[in-house]
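Scroll down for the structure; my scribbles are underneath it.
The values are calculated or read from the model by the stated rules, or taken from the named source; none is laboratory data. All values reported here derive from a predicted model rather than from experimental measurement. Methodologically, a virtual Cβ is constructed for each residue, glycine included, from the backbone with ideal geometry; neighbour enumeration extends over all protein chains shown. For accessibility, only protein heavy atoms count, side chains too; no ligands or nucleic acids. Shrake-Rupley method; radii C 1.70, N 1.55, O 1.52, S 1.80 Å.
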Amino acid sequence: MIKSLMEAIEILESKDPMPLIREKLKGKIEYEEKKIGDVIFIKALYKGNGKNRVEVLGRLGAIQMQGINKGLVSDADGAIVTLATILELINLMEKGIYLEVDVSLITNISLRAKLIPHKPFDFMVPQIGLDEALKEEVDPKANLILSIDSTKGNRIAKFDDFAITHAIKNGYILKVSDEVIDIYNRVTGHEVYIIPLTTGDLVPLDFNIYHISTLVTPWLYTESPVIGIGTVSKQVIPGYVTGVINWEMLEHASRFCLEMLKFVEQGGKVYDEAELEELERKIGKSNLTKFKYGSR
């Protein structure tokens, strides 16, 4: 994974990454791209002919902020991990190793983003807006979404490695399965780091409510569970600064995605379905579902 990660970073820090991405992916994996305004979405599909499909979704405003600074910005982490995962799947195929699970890998390769007010630092969001971006990013056929997002501009999730969220499904925050925690422990070599969420993190961004990031916002666009993979930091870091790439964290996060694919391939579950049924039976459907895309 280290080689694939280094290659992903080399590609994405280029002045124009798209020719290099096409060269690496076209003809090796099912690949398409879609441009809306100045935002380019790349969408790769690994066909493992399995029973399930997992989406690895790199969420970000932009990989660079050309005209403001030079190089990869902190916000680029989602794209880095997603591209590294794609490259590693291709690497495994070339070695004759195939996973029996379909994998949808989606991210955007924008070179600029817009900033919206947020404390302690402004959020970076795609120039077309968050709602329009999520409509393109979320794969409705995925049975599980791993949402990767830089989550460093806060004062709560201050860890020295990536952190995960609980599983989000139907407006409920559910205990992530012990097996997922085991994977995290093995990949990182330390105890699990969990990003604390509030109800506000589950509502649309246009609510005047604090969001730690847009890490779990994809739940509003899918019926499937979402687990957030937040790249975090001990310091409070805005998304638009450069020089803050944490190689070890990004390698851990990329390897975690790969191991999660193997877990799903083997029939693993990311939450206890009986617990969700119990909650919905005794409490009822979450009112938050009325804000899902298509319901609003």
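With respect to the conditions (1) in contact (Cβ under 8 Å) with a residue 40 or more places away in the chain; (2) open to solvent by 30 Å² or more (accessible area, probe 1.4 Å); (3) assigned to a loop (DSSP other than H, G, I, E, B); (4) under 17 Å from Ala142 (Cβ atoms), Gly294 lacks only one, and its number is (1). Taking residues in the range 243-254 that are in contact (Cβ under 8 Å) with a residue 60 or more places away in the chain, and partners anywhere that are surrounded by fewer than 17 Cβ atoms within 10 Å (Cβ to Cβ) and part of a loop (DSSP other than H, G, I, E, B), the pairs with Cβ atoms closer than 8 Å and at least 6 places apart or on different chains are Gly243/Gly71; Met249/Asp160. Against the list (1) part of a loop (DSSP other than H, G, I, E, B); (2) open to solvent by less than 40 Å² (accessible area, probe 1.4 Å); (3) over 15 Å from Leu215 (Cα atoms), the condition Gly153 fails is (3). Total residues in the range 189-205 satisfying the condition of being in contact (Cβ under 8 Å) with a residue 40 or more places away in the chain and either assigned to a loop (DSSP other than H, G, I, E, B) or more than 18 Å from the chain's Cα centre (by Cα) (or both): the figure is 6. Being in contact with a strand residue (DSSP E or B) (Cβ under 9 Å, 6 or more places away or on another chain), in a helix (DSSP H, G or I) and not aliphatic (A, V, I, L, M): is that true of Glu275 here? Yes, satisfied.
Which ranges mark the strands (runs of 3 or more DSSP E) fully within the range 1-120 that have 1 or more residues being without any contact (Cβ under 8 Å) to a residue 24 or more places away in the chain, in contact with a helix residue (DSSP H, G or I) (Cβ under 7 Å, 6 or more places away or on another chain) and over 30 Å from Asn208 (Cα atoms)?
30-36
Tally the residues that are open to solvent by 60 Å² or more (accessible area, probe 1.4 Å) and touching a helix residue (DSSP H, G or I) at 6+ places or on another chain (Cβ under 8 Å), restricting the search to the range 207-223.
Here is the first cut: in the range 207-223, the ones open to solvent by 60 Å² or more (accessible area, probe 1.4 Å) are 207-210, 223.
Of the ones still in play, those that are also touching a helix residue (DSSP H, G or I) at 6+ places or on another chain (Cβ under 8 Å) are 207, 209-210.
Residues flagged as open to solvent by 60 Å² or more (accessible area, probe 1.4 Å) and touching a helix residue (DSSP H, G or I) at 6+ places or on another chain (Cβ under 8 Å) within the range 207-223 amount to 3.
As a summary of the residue check, Ile128 satisfies the conditions (1) within 20 Å of the chain's Cα centre (by Cα); (2) open to solvent by 10 Å² or more (accessible area, probe 1.4 Å); (3) within 30 Å of Glu265 (Cβ to Cβ) except for the one numbered (3). Yes or no: the range 162-180 includes at least one residue that is buried (at least 22 other Cβ atoms within 10 Å of the Cβ), in contact (Cβ under 8 Å) with a residue 24 or more places away in the chain and in a loop (DSSP other than H, G, I, E, B). Within the range 162-180 (the criterion being buried (at least 22 other Cβ atoms within 10 Å of the Cβ), in contact (Cβ under 8 Å) with a residue 24 or more places away in the chain and in a loop (DSSP other than H, G, I, E, B)), the answer is yes, since at least one residue qualifies.
Here Asn208 meets each of (1) without any contact (Cβ under 8 Å) to a residue 12 or more places away in the chain; (2) under 26 Å from Asp139 (Cβ atoms) with one exception, condition (2).
Being touching a strand residue (DSSP E or B) at 6+ places or on another chain (Cβ under 8 Å), among the β-branched types (Val, Ile, Thr) and more than 16 Å from Met1 (Cβ to Cβ) narrows it down to one residue among Ile68, Ile86, Ile106; which is it?
Values: Ile68 fails: touching a strand residue (DSSP E or B) at 6+ places or on another chain (Cβ under 8 Å); Ile86 fails: more than 16 Å from Met1 (Cβ to Cβ).
Result: Ile106 is the single residue among Ile68, Ile86, Ile106 that is touching a strand residue (DSSP E or B) at 6+ places or on another chain (Cβ under 8 Å), among the β-branched types (Val, Ile, Thr) and more than 16 Å from Met1 (Cβ to Cβ).
Annotation note: Cβ proximity below 7 Å between a residue of the range 260-271 that is under 19 Å from Ile148 (Cα atoms) and a residue that is in a helix (DSSP H, G or I) and open to solvent by 30 Å² or more (accessible area, probe 1.4 Å) (sequence gap 6+ or interchain) occurs for Phe263/Glu179. Considering only residues in the range 181-201 that are in contact with a His (Cβ under 9 Å, 6 or more places away or on another chain) and closer than 19 Å to Phe291 by Cα, the one that is most open to solvent (accessible area, probe 1.4 Å) turns out to be Thr198. Taken as a whole, the structure places Gly71 among residues that are open to solvent by less than 50 Å² (accessible area, probe 1.4 Å) and at positive phi.
Does the range 242-259 include one or more residues that are open to solvent by 40 Å² or more (accessible area, probe 1.4 Å) and touching a His at 6+ places or on another chain (Cβ under 7 Å)? Spell out how you get there, then give the answer.
Here is the first cut: in the range 242-259, the residues open to solvent by 40 Å² or more (accessible area, probe 1.4 Å) are 242-248, 255, 259.
Now narrow it down to the ones that are touching a His at 6+ places or on another chain (Cβ under 7 Å): none.
No, the range 242-259 contains no residue that is open to solvent by 40 Å² or more (accessible area, probe 1.4 Å) and touching a His at 6+ places or on another chain (Cβ under 7 Å).
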